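Below: one structure, written as structure tokens.
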Amino acid sequence: MIINLVLLFIGILTSIGKVTLNSPYLSIAFYYYIFLYLPGYFLAKVFFNGKEINKLEMIPLSLCLGYIVFAFSTFFAYSFKLQISLFSLIYCTVILLWMLIYMFYVKKIVKFEYAKLDLTSLQWLIIALIAVTSFLMADYFGGFISGNFLVQVSGIRKLVSNGIIEQRCCFIKDSPYSLIMYHSYNVFLAMISYLSKNDPVKIWIYLPQFILPIGLIANFCFARRLFNSNKLGIIYFLIFFSYNCLFNIRAPAYGAAWFHSEFSACHNFTAMGVFMPIILIIIMQYLKSDNKKLLILLPSVFLAQGSVHLYVQSKTYFILFTLFFWALLIKPYFLDYKKLFKVVLFSSFGLILFFYGFLVLTPNINPAYSVYNGPGGGYPVNFYGKWPLTDMKVTIFQDPFVIIGTIIFLFTLPFVKASLASFFVFTLFFTVYFVLYNPFMMRFGGMINPMFERITRLHNIVPFCIAMVIPFEYIYRKRFKKNGMIAVLLLIGVLFVLLLQIKSVPERLKKIVYTKEYSLKQLEGNKGFHDIVKQTIPDGSIVLVDLPYTTWWTTYFPHYIVAHTFPFVFPPNIDPTQRHDDVEYFYKSPFNEKSREIVSKYNVDYVVFFNKDMEKVPSYLKPAYTSAQLKIFKVDFNNEPAK
């Protein structure tokens, strides 16, 4: 307790600028601990009764419950547009008060005791080795500076630059609407960047090693509860780690980047890799113990997950509603569907942020936006006449893991009433596949999401790694009494897939070029260029820059732009098509009257040209910086000659 109080005191000193933790490693670890883990740790001791959770589960659980405190505090900060330093000071003070209240009052009322964790020495060694290996791998590969990085760091940079927590679009100036509504994760990373004086890009690059091990532990804890076995939990742990960290099957940049270098650095993995298994653990614990405090906790955990990633929250609800539907239909022996209904009922209160986004903000959506609904990256949809179907080649037949998982799913039906793991695998496989490969469901879904992007991504929650453990469970528990050979054949199939993929691991990892060292070079190697732009163009300026450069301009500079190469990043009330066309026209004919009207139309402050020779420019463009490769002009219509 004394150490925690000292750390909080240091946090207060960093908030008022007396101390700065410049090291990215130290600052990320420090703020993760005092801002998230510490409040979540004491909150867990209030909501969980004695011997309901173990020490290993407490690690990811504390992180998730800490986000509850942080998410509600972030809503407060957004509402009053607090300065980051002031918010940090208030937040540290609140945590300090909460710790003192717990220590002198709550602790005497609530009797908390850890559950026993009967892991063997070998099992502890496996967990420790994988956690350390994942940390070292994540540290080597770093955060991939593409994909999610482009959007998220743009938002983080605006918060850091302004020093104020407010709900604003990070691309269009003076637009109050943002696709990332009340985003607690971006505020958290902005606070680390702001207080440690580290560039947001650097924070992103250093992030994965702090999140990935916790996510792996969360998934192990979920699996050991699902299978009710430490041994089977360890097998899942090894398969999950191998698929996600070693085999690099669904890697970005055609395998030239590490899968988790993008996944772990962004809010996606926090919401799906940490929150999702922890929410399922809380649900399983309530169904087991009938601890009513967990019912009260669930909507807040869902809400915190939504404030990190709203779409992943909806996928977690999809899992919950799917389990409840099939529990009503099948009535498995191990599941009380009446208690599960209470879980559904209480958890649904966490949808408040989702409803706010899609009901309250919907009237502000420009009709043109429906063309670009949702970010890119979903699975291709093939049309057979007017009937759409998700492409099986990139889903079911995407890789050997999914293929063997799908085969195993077909053999789980006889055991759905007796085995929680079989019930979990069967219901999710069947329901997701029913949606993705049912032309009626897909056509209906297309009315809601014209690009099908958010629908096809349901494939991400198909538990094929869990399915690969099922043959081990069947043999371990002797479920196939008459047809034991089926379980053996399934097990051989799983082992064959694993051995086949392990053989290619060195080649796959060697192919990766986008490492942490590479990403840092992009930041530090271009320091001269970045310094010129930052010294020439003030923060918050509207900059007209050619479309190819818009992909990364706002991630490295605290400016606003006119158009973006990827139109889906704009807020829902902005029609991106006209902006895109105007910028394209300007850079084809930059000095005619129509181009002048474009500059005026969007209140442009600065115009940027790369590698362009020009002898004469309009008088309203005043040179701010000139070199052979880069030319920056300040817009000044007062500089034009009188007509």
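The values are calculated or read from the model by the stated rules, or taken from the named source; none is laboratory data. Being a predicted model, the structure only gives us computed values, none of them experimental. Please note: Cβ atoms are built from the backbone with ideal geometry, for glycine as well, and neighbour counts cover all protein chains shown. Quick note on the areas: whole protein, heavy atoms, side chains included, nothing else; ligands and nucleic acids left out. Shrake-Rupley method; radii C 1.70, N 1.55, O 1.52, S 1.80 Å.
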Quiz item: Of all residues in region 117-131, which are free of Cβ contacts under 8 Å to residues at least 60 places away in the same chain and surrounded by fewer than 12 Cβ atoms within 10 Å (Cβ to Cβ)?
Solution: Ser121, Leu122, Leu125, Ala128, Leu129
Practice problem: For Ile239, state whether it is touching a helix residue (DSSP H, G or I) at 6+ places or on another chain (Cβ under 6 Å), open to solvent by less than 10 Å² (accessible area, probe 1.4 Å) and closer than 30 Å to Ile574 by Cβ. | Solution: no
Exercise. Can you tell me which residue within region 408-418, out of those that are assigned to a helix (DSSP H, G or I) and touching a residue at least 40 places away in the same chain (Cβ under 8 Å), is farthest from the chain's Cα centre (by Cα)?
Key: Phe415
Self-check item: Pair list, Cβ < 6 Å and 6+ apart or interchain, from region 616-638 residues that are farther than 18 Å from Ser600 by Cα to residues that are open to solvent by 40 Å² or more (accessible area, probe 1.4 Å) and part of a strand (DSSP E or B)
Solution: Ala624/Lys634
Quiz item: Restricting attention to region 290-299, does a residue exist that is within 24 Å of the chain's Cα centre (by Cα) and either charged (D, E, K, R) or open to solvent by less than 10 Å² (accessible area, probe 1.4 Å) (or both)?
Solution: yes
Exercise. Could you list all residues from region 13-48 that are surrounded by fewer than 18 Cβ atoms within 10 Å (Cβ to Cβ) and over 26 Å from the mean Cα position of the chain (by Cα)?
Key: Leu13, Ile16, Gly17, Lys18, Val19, Thr20, Val46
Quiz item: Somewhere in region 79-93, is a residue within 24 Å of Ala271 (Cβ to Cβ) and under 20 Å from the mean Cα position of the chain (by Cα)?
Solution: no
Quiz prompt | Within region 412-461, tally of residues that are at pLDDT below 90, surrounded by 20 or more Cβ atoms within 10 Å (Cβ to Cβ) and of a type in the set (S, T, N, Q) | solution = 1
Self-check item: Members of region 379-398 that are more than 23 Å from the chain's Cα centre (by Cα) and open to solvent by less than 50 Å² (accessible area, probe 1.4 Å)
Solution: Val381, Pro388, Leu389, Thr390, Asp391, Ile396
Exercise. Answer yes or no as to whether Ser62 is farther than 30 Å from Gly233 by Cβ, of a type in the set (Gly, Ala, Ser), open to solvent by less than 60 Å² (accessible area, probe 1.4 Å) and touching a residue at least 12 places away in the same chain (Cβ under 8 Å).
Key: no
Quiz prompt | For Tyr254: the one exception among (1) assigned to a helix (DSSP H, G or I); (2) farther than 21 Å from Leu159 by Cα; (3) in contact with a helix residue (DSSP H, G or I) (Cβ under 9 Å, 6 or more places away or on another chain) | solution = (3)
Exercise. Answer yes if at least one residue in region 546-558 is touching a residue at least 40 places away in the same chain (Cβ under 8 Å), outside any helix (DSSP H, G or I) and touching a Ser or Thr at 6+ places or on another chain (Cβ under 8 Å), and no otherwise.
Key: yes
Practice problem: Report yes if Phe247 is open to solvent by less than 20 Å² (accessible area, probe 1.4 Å) and not aliphatic (A, V, I, L, M), otherwise no. | Solution: yes
Practice problem: Those residues that are under 16 Å from Leu298 (Cα atoms), open to solvent by 10 Å² or more (accessible area, probe 1.4 Å) and of a type in the set (A, V, I, L, M), I need them from region 69-84; list them, please. | Solution: Val69
Exercise. Tell me which of these Glu57 doesn't satisfy, since it passes every other one: (1) open to solvent by 10 Å² or more (accessible area, probe 1.4 Å); (2) of a type in the set (D, E, K, R); (3) in contact with a Cys (Cβ under 9 Å, 6 or more places away or on another chain).
Key: (1)
Quiz item: Which condition breaks for Leu361 when tested against (1) among the hydrophobic types (A, V, I, L, M, F, W, C); (2) out of contact with any Pro (no Cβ under 8 Å at 6 or more places or on another chain); (3) modelled with pLDDT under 85?
Solution: (2)
